[in-house]
Amino acid sequence: MKPILILRGMLIMAAGSFLLSNPGWALDHEFASVKKCALCHKKPEQGEQLRIWEESHHAKAFATLGTPEAKEAAAKLGIDDPQKSGKCLKCHSTAYGFTEEVVSTAIPVEEGVSCEACHGPGKDYMKKSVMEDIEQAKAAGLIIPDESTCVKCHNQESPTFKPFNFQERWDKIKHPIPGKE
């Protein structure tokens, strides 16, 4: 019986290690890009998600890395150009998928933190027929973000980390479809 418990423990540790080191969705689905998401998610009846994103810090995440403050923070970490460093881009560009390497060329790095950083790569769920059925959309890769999604980047690993209050930040970025809140 003890060998089974040991094997079980090893499997649990391996699974936990895999989940912590792998964003998961980046390997399972293809990205579509904010341009494709915007086709439907810019209309008032859909909730104007595009406008909300465009006005957010997420949309400006890549540009933020070009500021003197970002360059100063990066220099302290030995990074010459934060707009070219995977250490910074893993949280400032959806194209990096929470890794230090580009995981998709379908997403321009300059797009910043766009729809698919939080909702998962959308090529498989972007069709209207799929999106109309939430369970089908989830099966096709749609992620309904929660606090665990946010803390992939909003954590103490960030050189400019400030205490993260999920509910306060969520209230600034949420963008529900009217009538489906």
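The values are calculated or read from the model by the stated rules, or taken from the named source; none is laboratory data. Because the structure is predicted, anything quoted here is derived from the model rather than measured. So basically every Cβ, Gly included, is an ideal-geometry build from the backbone, and we count neighbours across all protein chains shown. To get the accessible areas, we keep the full protein, side chains included, count just its heavy atoms, and leave off ligands, DNA and RNA. Shrake-Rupley method; radii C 1.70, N 1.55, O 1.52, S 1.80 Å.
For 171, 80, give the ranking by accessible area with the largest first, probe 1.4 Å.
Numbers: 171 80, 80 150 Å².
Descending accessible area places them as 80, 171.
Quote the convex hull volume per residue of the range 25-121, based on C-alpha atoms, as a whole number of Å³.
Details: hull volume 7.9 nm³, N = 97.
Convex hull volume per residue, Cα atoms: 82 Å³.
Between residue 43 and residue 84, the distance separating the two model label sites (each 7 Å from Cα on the Cα→Cβ line) works out to 4.4 nm. Need one word for the range 92-181: rounded, prolate or oblate. Basis is the Cα gyration tensor (sqrt eigenvalues a ≥ b ≥ c); a/c below 1.5 gives rounded, then a/b vs b/c decides. Oblate shape, in that a/c is at least 1.5 and b/c is the bigger or equal ratio. Computed over the range 68-138, the convex hull of the alpha-carbon atoms projects to a mean area of 5.4 nm². Approximating the spin labels as points 7 Å out from Cα along Cα→Cβ, the residue 128-to-residue 35 distance works out to 2.1 nm.
Treating cross-link reach as a plain straight distance, find the lysines whose alpha-carbon is under 24 Å from the alpha-carbon of residue 128, omitting any fewer than eight places away in the same chain. Qualifying lysines at Cα under 24 Å: 35, 36, 42, 43, 138, 174, 180.
Within the range 90-180, which GluC sites (Glu not before Pro) sit in a loop by DSSP and count at most 16 neighbouring Cβ atoms inside 10 Å?
Working: sites: 100, 101, 110, 111, 116, 132, 135, 147, 157, 168; in loops: 100, 101, 132, 157.
When the GluC sites (Glu not before Pro) of the range 90-180 are filtered for loop state and at most 16 Cβ neighbours within 10 Å, 100, 101, 132, 157 remain.
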